[in-house]
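Worksheet: the structure to be examined is printed underneath.
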Amino acid sequence: MNNILFNIDEIVSVCHATVLQQSSESVFVSDILTDSRHATIGSNSLFVALKGRKHNGHQYIEEAYSKGIKAFLISEDSIAISANDIVVLKVSDTMLALQQLAAAHRSKFNIPTIAITGSNGKTVVKEWLFQLLSPDFSIIRSPKSYNSQVGVPLSVCKLRSEHQMAIFEAGISQTGEMIKLEKVIQPTAGIFTNIGTAHDENFINHSQKTAEKLQLFVNCKKLVYCSDYYDIAEKLISSGLNKKIELFSWGSKEGSLLQIKKSESTENSTVISAIFNSKHISVTIPFIDKASIENATHCWAFMLMEGYDNNVVDQRLQKLNSIEMRLEVKEGINGCTIINDSYNSDINSLSIAIDFLEKNKEYRQKTLVLSDILQSGKQNETLVKEIASLIERRGIDRFIGIGPVLAANKKYFSDEASFYANTDSFLREYDLVNFRNEMILLKGARQFGFERIGALLESKAHETILSTDLNALTHNINFFKSKLPSKTRMMAMVKAFAYGSGSIEIARHLEYHRLDYLAVAYTDEGVTLRKAGITTPIMVMSPEDSNHYFLFRYNLEPEIFSLSSLQKIFVSTKEFEEIIDLPIKIHIKFDSGMHRLGFAETDIEELSNMLVENKKYIQVASAFSHFSASDETEHNLFTLEQLDSFNVMADKLEKKLDKKFLRHIANSAGALRFPDAHLDMVRVGIGLYGIDPSGNYSHDLKPVVTLKTRVLQIKEIAPGESIGYSRKAISENTRTTATLAIGYADGLHWVMGNGNWKVCINGHLVPLIGNICMDMCMVDITGIDNISEGDEVEIFGTNCLLQDYAKAMGTIAYEALTSVSSRVKRVYIQQD
């Protein structure tokens, strides 16, 4: 009963809910769920149907019920299911109700609760405080960066009786949000990390944003902040909070309780010296970058505020681990895919990692390799029972436990599970050839060194990597959705290997975020996605006549652009009529002015007759066309003419068929620049990858892909010596070069050499010199001291923009991205 959060009567009381349906069975709630994709049988979860501008959780109640959820909190008048074993509660605002439930749960615990906010560093400070304080307390903290209006209450609802301290982070994007989170967290102490530019667009100025963030601490007993941030220091005074709560300031200014005197960095550590209580003290941290120094100093200040001896703090700070807040997906050996989650190892983050695992439907076999979970604050046997229950509920097929705690409690797992005392034992005793055609999740505490397992399971060891940031992709999806009417659908282009970034993983992510359609160029691309478990509707833009059977077999929807192509589809549907599902959905392409493919207005009469005559076999899912130059201002009039032309043709066809169908014409640029072209659906391609061809919204989109490599060797070149093939680079003076593990066989075009492009190494932009070789190239790093062999090099990404890279190539971003060679390893990163 320790895991019960609420009974139904408590929920009704807390949320002022109306009972629409009462189960014939007793129902209690052990967890709260807002995403039906994460529902599992036996979890005793309450599904809260949240509503937003572009989403409605009520649409997924049936899915949640099918996965075993029996309790629902809704704001609409009814739901799509009727069963005797469910409880349905209605409130006016499900988001408010979620926060009320979390606040009620939080009020049951009288423990120190630390709240962290700021523009940057929240998650790192939270994780480092956990590392520093966990020897003394059983601590719960927000999983990953769960700091939103939804994430905070979900985090707080994880509080249990064994916890002695809580650390939660809170983030906001607009006014009025923080006071809601304060009521949920009810912090006793706080840390305000800094104030920066994040979400500036939703605030008048930094002063207003600072005041909003300070709402988190209005009922705190004490607060740590950096006095060097003027807006924070000033607003603490003007708001009167300096008189209500105990302030612990640190910074370089006189008057700070912890006055920083200097920071001295060596190759891999920094000594921070300060004056505290009129005494000179110092600590050493294993980091040298500015952000880490600031984050560590927040932790140092907090520990001092709590009365810790500085010698103890120094010892613990020296052992801080870097925080890897990302989850990587890589191609593995023997047809496997490897998910390497290097984030913290605890039961909550394990559940989140399994959520990601479940997005991948291609593999029947799902394997979890898990180390002992350290510093959980729970008895070992209790923790292992929770892990075993989670694995059983979530459908993990193979479990491999590494560590003495898991091995000692193997009786709680299935007989097929295997256990090893440590990572060395696993690598020595387990034959990796046994991994075949499966999805493998590696989830290990840092001291177990799971990176060794990951390195052996990866199929490609090439130093050059095309990295896809799935969080940035999500941001871009949401940005485009924010520009569309609520009823306008979105089709994502994943043709050409998803613009070179890898079609299967990208399609999985797009499907997870419930895009309405995917589009590929050829039938075999669609078949590949279907075999990978993708169920979202897929339009095929260039269906080959010889592949019609596979179109039908895998439920793919062809583009039809001519009377002859339509006639061939009719013939094939009749040929395979006995073994396929009819009618076949098709997409009619109109030529509105691009003059590449498509029906003309003069074809509509014959087209409509053919469609009517064969309606048993064919159903028109949509009619569409292509803009020629929607990204170019000088062609705005022509774009509008295309839109008018398309609508005229679509109107005529719709009238002839006496049946509605979807309409779409806008590409990425068209979706952003021409609201009248949104129609029923937009087709977004390069925009999802952070590229706005018009340039108007580039600052709103995030780069998704990064091409990076490594420094192989550093050389000193004497005056008069040449570099590379054909001796194109002759040194006038002594200079230093670095040879990189990328060449034109990887997609770095030959034209980029001889100073035509600069790459980024450790924050320095350095030019390519000499001719590009097949597998390597050289850069000039003369006068730069902090570059070493093995260092990472960005070819394009955040510092070297893809748009500029394409311009240097003399081409467009589409070609630059799709020209990255297939031999380059694709890695997919997710941070939340």
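Per residue, the accessible area of region 715-832 comes to 46 Å² when a 1.4 Å probe rolls over the protein heavy atoms.
Could you report region 339-484's accessible area per residue, 1.4 Å probe, as an integer in Å²? Intermediate values should be presented prior to the final figure.
Working: 6130 Å² over 146 residues.
Computed with neighbouring chains in place, this is 42 Å² per residue.
With a cut-off of at most 12 other beta carbons within 10 Å, and DSSP calling the residue loop, which trypsin sites (Lys or Arg not before Pro) in region 191-245 qualify? Please list them. Walk me through the numbers on the way to the answer.
Values: sites: 209, 213, 221, 222, 235, 243, 244; in loops: 221.
Here no trypsin sites (Lys or Arg not before Pro) fit, given the DSSP loop and packing criteria.
On the principal axes of its alpha carbon atoms, the chain extends 91, 89, 63 Å, with the longest extent given first. Compute the accessible area per residue over region 81-224, keeping the other protein chains in place, probe 1.4 Å, unit Å². Averaged over the residues of region 81-224, the accessible area is 32 Å².
Where a ≥ b ≥ c are the square roots of the eigenvalues of the C-alpha gyration tensor, would you call region 690-832 rounded, which needs a/c under 1.5, or, failing that, prolate if a/b is larger than b/c, or oblate? It comes out prolate by the Cα gyration axes. When both region 456-495 and region 774-820 are represented by their alpha-carbon centers, they are found 21 Å apart. With every protein chain in place and a 1.4 angstrom probe, the accessible-area ranking of 749, 548, 699, largest first, reads 699, 749, 548.
Measuring only protein heavy atoms, the 1.4 Å probe finds residue 726 accessible over about 90 Å².
On the accessible surface of region 316-459, probed at 1.4 Å, how many percent belong to carbon and sulfur atoms?
C and S atoms contribute 42 percent here.
Residue 681 contributes an accessible area of around 0 Å² to the protein surface, as traced by a 1.4 Å probe with all chains present.
Determine the shape class of region 1-103: with a ≥ b ≥ c the square roots of the Cα gyration tensor eigenvalues, call it rounded for a/c under 1.5, and otherwise prolate if a/b is greater than b/c, oblate otherwise. Show your work: numbers first, answer last.
On the way: a/c = 1.26, a/b = 1.09, b/c = 1.16.
Rounded.
The accessible-area ordering, largest first, of the residues 392, 25 stands as 392, 25, per a 1.4 angstrom probe. Translational diffusion coefficient of region 47-88 at 4 °C, 1.567 mPa s, Stokes-Einstein with Kirkwood Rh over Cα pairs, in µm²/s as a whole number. Translational diffusion coefficient: 124 µm²/s. Shown is the FRET efficiency for residue 175 and residue 516, computed with R0 = 35 Å from the Cβ-Cβ distance and rounded to the nearest 0.05: 0.60. Each Cα pair under 8 Å and six or more residues apart adds its separation to the average, and for region 53-163 the resulting relative contact order is 23 percent. Antiparallel beta bridges, as assigned by DSSP with both residues in the chain, represent about 40 percent of the total such bridges.
By its C-alpha gyration tensor, with a ≥ b ≥ c as the square roots of the eigenvalues, how is region 419-458 shaped: rounded for a/c under 1.5, else prolate for a/b larger than b/c, else oblate? Verdict is oblate for region 419-458. Largest to smallest in accessible area, the residues 367, 528, 602 fall in the order 602, 528, 367 (1.4 Å probe, all protein chains included). Ligands, DNA and RNA left out, the accessible area of region 732-826 computed with a 1.4 Å probe is 49% carbon and sulfur. Taking the alpha-carbon centroid of each part, what is the distance from region 664-699 to region 269-330 in angstrom? That distance is 45 Å. Summing charges over neighbours of residue 731, with a neighbour being any other residue whose Cβ is under 13 Å away from its Cβ, gives 0 when K and R count +1 and D and E count -1.
Projected onto its three principal axes, the C-alpha set of region 581-705 covers 50, 34, 23 Å, listed from the longest axis down.
Cα extents for region 144-264 along the principal axes, largest to smallest and rounded to whole angstrom: 42, 37, 33. Packing here is the average count of other Cβ atoms within 10 Å per residue, and on that basis the peptides 144-152, 383-391, highest first, run 144-152, 383-391.
Enumerate by residue number the GluC sites (Glu not before Pro) in region 660-734 meeting two conditions: DSSP loop (anything except H, G, I, E, B), and at most 15 other Cβ atoms within 10 Å of the site's Cβ.
On the way: sites: 716, 721, 732; in loops: 721, 732.
Counting only loop positions with at most 15 other Cβ atoms within 10 Å, the GluC sites (Glu not before Pro) in region 660-734 are 721, 732.
Too long at a 28 Å Cα-Cα cut-off: which of 158/708; 213/330; 144/243; 213/319; 222/261; 366/825? Exceeds cut-off: 158/708; 213/330; 144/243; 213/319.
In whole percent, and with a 1.4 Å probe on the protein chains, what portion of the accessible area of region 142-215 is carbon and sulfur? Mind dumping the intermediate values first?
Values: 1180 of 2400 Å².
Of the solvent-accessible surface of region 142-215, carbon and sulfur hold 49 percent.
Phi-derived couplings, Karplus 6.51 cos²θ - 1.76 cosθ + 1.60 at θ = phi - 60°, listed residue by residue for region 622-636: 7, 10, 8, 8, 10, 6, 8, 8, 5, 8, 10, 4, 5, 10, 4 Hz, with x used for Gly and Pro. Using only Cα atoms, locate the centre of region 730-772 and the centre of region 400-428, then give the distance between them in Å, rounded to an integer. Measuring centre to centre over Cα atoms gives 48 Å.
For the peptides 123-129, 427-433, what is the packing order when you average, over each peptide's residues, the other Cβ atoms within 10 Å and list the highest mean first?
Ranked from most to least packed, the peptides come out as 123-129, 427-433.
Listed by chain and number, the lysines whose alpha-carbon sits under 29 Å from that of residue 574, ignoring those within fewer than 8 places in the same chain, are 495, 531, 585, 589, 615, 616, 652, 655, 656, 659, 660.
Using just the Cα positions, wrap region 720-759 in a convex hull and report its mean projected area in square nanometres, one decimal place.
On the way: hull surface 13.1 nm².
Taking the Cα atoms of region 720-759, their convex hull projects to 3.3 nm² on average.
Residue 139 contributes an accessible area of around 10 Å² to the protein surface, as traced by a 1.4 Å probe with all chains present.
Hey, any idea what Rg/Rh is for region 334-439, computing Rh the Kirkwood way over Cα pairs?
0.93
Bridging of residue 70 to lysines at a Cα separation below 17 Å is possible for 90, once same-chain residues fewer than 8 apart are set aside. The calculated pair-distance distribution of region 90-224 uses every alpha carbon pair, bins of 5 angstrom beginning at 0, and gives 2, 11, 22, 24, 20, 12, 6, 2, 0 percent.
Rounding to the nearest 20 debye, state how big the charge dipole of the chain is about its Cα centre with +1 on each Lys and Arg Cβ and -1 on each Asp and Glu Cβ. Could you put the intermediate results ahead of the total?
Values: 87 positive and 100 negative charges, 282 e Å.
Dipole of the chain, to the nearest 20 debye: 1360 debye.
The values are calculated or read from the model by the stated rules, or taken from the named source; none is laboratory data. This structure is a prediction, so every number in the text was calculated from the model and none was measured. All Cβ positions, even for glycine, are placed from backbone atoms using ideal geometry, and neighbour counts span all protein chains on display. Note: accessible area is taken over every heavy atom of the protein model, side chains too, but ligands, DNA and RNA are not part of it. Shrake-Rupley method; radii C 1.70, N 1.55, O 1.52, S 1.80 Å.
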